[in-house]
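Report on the structure given below.
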Number of protein chains: 2
Amino acid sequence: MKLPNKILIVGLGLMGGSYADALSKKGYEVYALAHRQESLDFAVKNGLIKGGSTSVDEEFVSQFDLVVFALYPHTLIQWLEQYHSFLKPGAILTDVTGVKSSIIPGVSEIIKDDDVEFVFAHPMAGKEVYGVENADADIFKKANFIVTPTNSNKEESVQLIEELGREIGSYHVTRLTPELHDEMIAYVSQLAHVIAVSLMTAKDCDSLYEYTGNSFRDLTRIADINEDMWSELFLDNKETLLSQIDLFMDEMKKMREALDKGDVETMKSMMKLSSIRRRKFRS
Amino acid sequence: MKLPNKILIVGLGLMGGSYADALSKKGYEVYALAHRQESLDFAVKNGLIKGGSTSVDEEFVSQFDLVVFALYPHTLIQWLEQYHSFLKPGAILTDVTGVKSSIIPGVSEIIKDDDVEFVFAHPMAGKEVYGVENADADIFKKANFIVTPTNSNKEESVQLIEELGREIGSYHVTRLTPELHDEMIAYVSQLAHVIAVSLMTAKDCDSLYEYTGNSFRDLTRIADINEDMWSELFLDNKETLLSQIDLFMDEMKKMREALDKGDVETMKSMMKLSSIRRRKFRS
């Protein structure tokens, strides 16, 4: 499965910029659409892209057989509503959004009569900084790249996007249904952020932070959070995230109750199971 | 404030061994009491101690003006009950236990008629591995060293133990009351472990762990846990830990409710406060 040589990135923030960086380093000709001229200038100057534009016109967009949308979910929908007719017939499209069940119906509806195919994917990469100025191909190296095929996808198109995941250097490329993806992401990512934020806000830490050990620093590393992006991601996955929060809080209550009763056996058996499971992780 | 040149470490696990390593590297003559002859042999061979014994006799113990107890809380009490009369008159004693309010009355009662002084302290250092074989002076480098003085302590004795904290290379040496120490430790350390364990046990992670991103790995790094030690630490700080679990769970509920209602302003204001506070941390 060979990727086309010319690739368009729509949206030039941290993710779009890192995608551009990774693909340019592999020898692809990468172009971009961005809001700000400074983002394009920075990306051209630093070799992330060959060129790009701040305005969306058909002649430019219709050159590309592969388009990566690195936009917030609602911006992706808006972009497609306005410009989907500019896309090249036969083009394969993909995204980077962290929640799938909520975005797929809207996107599918907009492009349903077009001769283009959208293969949804989620590179599970990130940093606690933003903008193309922080773009870095290396963010993909430790990241899973998850493709979430739908019934509208052809097997060869799914394989093309899997190849894209490998080309940008992802640690592990895999497939999940959109529903399983969203449940998994609610648990391992969104719940983790709910916990980290709650830890920082439940208690005035000004008097605490000089005492924090490594464990508290580890648990709150992700607590410096982009509130616009994460509140949107939470709401886009609301029901699933609520159920995962409940699952976790029920388990906390179980430990709390065991402690309250002095039920050492339950405490120890939870700790043992936790230890066995955690040892299976890499790092 | 000058430390005596000869120092006794009672208990040669990870903490005792690391203490010995740090002090030997600074030129002190370090001796140890240990359960296992192999621990002593390892420590002598690797230059952590000059010598030691597996049996406790008065002639040996009474040589030391400074004794560091690196034992579990209940073992510390047992040791003192059996051997406190062997301690040298005028000796200063200190410990490494992670909970203070529960240990101080018992220890104080045992030594109340002796001419020795116990200055309780907590080097907030650790590793997810155990035993003298993993001892490493470097574990103190990023750690806070907290002295929790009591009414029985002389200022000069407290300063001596503060100097001990600096000599082993602690990042930051400070004082707290035993009560504030226990509340702080319940929040930044014990609650963190309750969360990490609950995250690992609430959901079968066998199907999840290949998808974990950095955030989930960070939150569960401490989930591989010594169940004997941690269940004892939890129970020794039971009421305080219960109150800190409740504080945290109330905050989780606040975020859960905001999400459930679609109350974006509350979600964002929590995320903003979290971000501002987290940026004040080192790393």
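Computed quantities for the displayed model
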{"quantity": "Residue list for segment A:107-121, filter: open to solvent by 20 Å² or more (accessible area, probe 1.4 Å) and within 22 Å of A:ALA20 (Cβ to Cβ)", "calculated": "A:VAL116"}
{"quantity": "Flag if A:ILE245 is at the interface with chain B (Cβ under 7 Å from one of its Cβ atoms), within 19 Å of the chain's Cα centre (by Cα), in a helix (DSSP H, G or I) and not basic (Lys, Arg)", "calculated": "no"}
{"quantity": "Which numbered condition A:TYR187 misses (of (1) in contact with a helix residue (DSSP H, G or I) (Cβ under 8 Å, 6 or more places away or on another chain); (2) open to solvent by 10 Å² or more (accessible area, probe 1.4 Å); (3) not small (Gly, Ala, Ser))", "calculated": "(2)"}
{"quantity": "From A:GLU251, A:GLU239, residue being more than 7 Å from chain B (Cβ to nearest Cβ) and assigned to a helix (DSSP H, G or I)", "calculated": "A:GLU239"}
{"quantity": "Which listed residue is within 20 Å of B:THR212 (Cβ to Cβ), open to solvent by less than 10 Å² (accessible area, probe 1.4 Å) and free of Cβ contacts under 8 Å to residues at least 40 places away in the same chain, from A:VAL158, A:VAL197", "calculated": "A:VAL197"}
{"quantity": "Extreme residue, most open to solvent (accessible area, probe 1.4 Å), among residues of segment B:260-283 that are facing another protein chain (nearest Cβ under 7 Å), of a type in the set (Gly, Ala, Ser) and out of contact with any Asp or Glu (no Cβ under 6 Å at 6 or more places or on another chain)", "calculated": "B:SER283"}
{"quantity": "Residue satisfying condition, being in a helix (DSSP H, G or I) and closer than 30 Å to A:LEU180 by Cβ, within set B:ALA186, B:ALA196", "calculated": "B:ALA196"}
{"quantity": "Complete set of residues in segment B:239-264 that are in contact (Cβ under 8 Å) with a residue 40 or more places away in the chain and closer than 13 Å to A:VAL197 by Cα", "calculated": "B:PHE248"}
{"quantity": "Strands (runs of 3 or more DSSP E) contained in segment A:107-175 and holding at least 1 residues within 14 Å of another protein chain (Cβ to nearest Cβ) and farther than 26 Å from A:HIS84 by Cβ", "calculated": "A:144-147, A:172-175"}
{"quantity": "Contacts under 6 angstrom Cβ, first residue in segment B:206-235 being within 18 Å of A:SER189 (Cβ to Cβ) and within 7 Å of chain A (Cβ to nearest Cβ), partner surrounded by fewer than 19 Cβ atoms within 10 Å (Cβ to Cβ) and not charged (D, E, K, R), 6 or more apart", "calculated": "B:TYR209/A:PHE281"}
{"quantity": "Answer from A:ASP250, A:ASP218 - the residue that is of a type in the set (Asp, Glu) and open to solvent by 40 Å² or more (accessible area, probe 1.4 Å)", "calculated": "A:ASP250"}
{"quantity": "Close pairs (7 angstrom Cβ cut-off, 6 or more residues apart or separate chains): open to solvent by 20 Å² or more (accessible area, probe 1.4 Å) in segment A:173-184, of a type in the set (A, V, I, L, M, F, W, C) and in a helix (DSSP H, G or I) anywhere", "calculated": "A:LEU176/A:MET184"}
{"quantity": "The lone exception for B:ILE195 - which of (1) under 23 Å from A:LEU233 (Cα atoms); (2) more than 7 Å from chain A (Cβ to nearest Cβ) it fails", "calculated": "(2)"}
{"quantity": "Positions within segment A:228-243 being open to solvent by 40 Å² or more (accessible area, probe 1.4 Å) and not hydroxyl-bearing (Ser, Thr, Tyr), in sequence order", "calculated": "A:ASP228, A:MET229, A:LEU235, A:ASP236, A:LYS238, A:GLU239"}
{"quantity": "Residue count, segment A:200-214 (criterion: open to solvent by 20 Å² or more (accessible area, probe 1.4 Å) and either outside any loop (DSSP other than H, G, I, E, B) or basic (Lys, Arg) (or both))", "calculated": "4"}
{"quantity": "Sole residue being open to solvent by 20 Å² or more (accessible area, probe 1.4 Å) and either within 23 Å of the chain's Cα centre (by Cα) or basic (Lys, Arg) (or both), chosen from A:GLU257, A:GLU167", "calculated": "A:GLU167"}
{"quantity": "Filter result (among the hydroxyl-bearing types (Ser, Thr, Tyr) and open to solvent by 20 Å² or more (accessible area, probe 1.4 Å)) within segment B:137-155", "calculated": "B:THR150, B:SER152"}
{"quantity": "Residue match in segment A:53-63 (condition: under 23 Å from the mean Cα position of the chain (by Cα) and aromatic (Phe, Trp, Tyr))", "calculated": "no"}
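The values are calculated or read from the model by the stated rules, or taken from the named source; none is laboratory data. Everything quoted here is computed from the prediction, not taken from an experiment. For neighbour counting, all protein chains shown are included, and Cβ atoms are generated from backbone atoms with ideal geometry for every residue, glycine included. All accessible areas refer to the heavy atoms of the entire protein, side chains included, with ligands and DNA or RNA removed. Shrake-Rupley method; radii C 1.70, N 1.55, O 1.52, S 1.80 Å.
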